Amino acid sequence: MAFPMLFTFSATQTPWQTLIEGFSPAPLLTCVLTVCAMVATGFLVARRVGLHPAETALVTATHSGMGGAGDIAILTAADRMRLMPFAQIATRIGGGLTVALALVAAHTVGL
């Protein structure tokens, strides 16, 4: 009975209107363009520093993958699980730097 109860509770407590608004074209386009820009940047920078461009772009793509579970999903789909240590480090360091830079930018702007 636990699983049906958890499902029912979460279905009744989910803010459906807010969730549906998140799937409007503007937020979706922003997400797609951000991920594409990150992957393209990883691909182009890899050539300059002597790394394999496709694998570097793939590790860069893990920044958008919701942490460790996203890293696993992205690397499994690409059949590149051997890149997991690099993806984990990139996710942790990249995520921390992104949050720090966002806080500095928000403070600078006055948010």
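The values are calculated or read from the model by the stated rules, or taken from the named source; none is laboratory data. Just so we're clear, the structure is a prediction, and the values are computed from it rather than from any experiment. Please note: Cβ atoms are built from the backbone with ideal geometry, for glycine as well, and neighbour counts cover all protein chains shown. Quick note on the areas: whole protein, heavy atoms, side chains included, nothing else; ligands and nucleic acids left out. Shrake-Rupley method; radii C 1.70, N 1.55, O 1.52, S 1.80 Å.
Structural remarks
- Largest to smallest principal axis extent of the C-alpha atoms in the stretch 41-97, angstrom: 29, 28, 16
- In the chain, helical runs assigned H by DSSP with n ≥ 4 each contribute -39500 (n - 2.57); averaged across all residues and rounded to the nearest 500, the mean residue ellipticity at 222 nm is -26000 deg cm²/dmol.
- Answer label, with Rg and Dmax of the Cα atoms in Å calculated from the coordinates and candidates (i) 16.0, 56; (ii) 22.7, 81; (iii) 17.8, 57: (iii)
- Annotation for the stretch 4-54: chymotrypsin sites (Phe, Trp or Tyr not before Pro) lying in DSSP loop with at most 14 further Cβ atoms inside 10 Å of their Cβ are 23.
- Whole-number percent relative contact order across the stretch 44-85, with pairs defined as alpha carbons under 8 Å at least 6 apart: 26 percent
- Relative intensity, log₁₀ I(q)/I(0), of the stretch 7-51 from a Debye sum that treats every alpha carbon as a point, q = 0.13, 0.19 Å⁻¹: -0.53, -0.69
- 83, 51, reordered so the largest accessible area comes first (probe 1.4 Å): 51, 83
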